[in-house]
Amino acid sequence: MGDSNQQLKSDALLEQMKTHLTTDAGKEITKKIGLVYQLHIAPKKLGFNEVIYTVDLKKGEVKKGPYEGGKPDAAFSFKDEDFIKIATGKMNPQIAFVRGLMKIKGSISAAQKFTPDIFPKPAKM
């Protein structure tokens, strides 16, 4: 039924993010934000077959799997396509939250710093 290694569009974006965080612009983001986010990205339906990523903006790392250093500052759940829209600035995160397209656990003030500005400008996807 569920194929756990299906490709998410988010995989490519988060790969770009890894590289982005090693650049000077990326290091600025790490310095400015200094928070850890855990992303739960579902292929089709919130809460099902989620792929978990840790975006560590303390260390400037992105990796697959849950955060290992305690609790993340904020955790988000969204569908693959909605995450892409939010990350690329096509959907406002607040609107996504209000519409129930994104769930947040943890600190709301930390969550509010999770904006399209932390993501690399999309190369051709």
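The values are calculated or read from the model by the stated rules, or taken from the named source; none is laboratory data. A quick note: this is a predicted structure, and the numbers were derived from the prediction, not measured. Backbone-built Cβ (ideal geometry, glycine too); neighbour counts: all protein chains shown. Quick note on the areas: whole protein, heavy atoms, side chains included, nothing else; ligands and nucleic acids left out. Shrake-Rupley method; radii C 1.70, N 1.55, O 1.52, S 1.80 Å.
Looking at this structure, is residue 41 at pLDDT 95 or above, open to solvent by 10 Å² or more (accessible area, probe 1.4 Å), of a type in the set (Val, Ile, Thr) and under 14 Å from the mean Cα position of the chain (by Cα)?
When the stated conditions are applied, residue 41 does not pass them.
Any chance you could count how many residues in region 99-125 are modelled with pLDDT of 95 or more and either in contact with a Cys (Cβ under 8 Å, 6 or more places away or on another chain) or of a type in the set (Val, Ile, Thr) (or both)?
1
The rows are residues; the columns are (1) closer than 23 Å to residue 23 by Cα; (2) among the hydroxyl-bearing types (Ser, Thr, Tyr); (3) touching a helix residue (DSSP H, G or I) at 6+ places or on another chain (Cβ under 9 Å).
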position: 57; (1), (2), (3): yes, no, yes
position: 84; (1), (2), (3): yes, no, yes
position: 91; (1), (2), (3): no, no, yes
position: 94; (1), (2), (3): no, no, no
position: 113; (1), (2), (3): yes, no, yes
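Exactly one condition in (1) open to solvent by 50 Å² or more (accessible area, probe 1.4 Å); (2) modelled with pLDDT of 95 or more is not met by residue 94; state its number.
(2)
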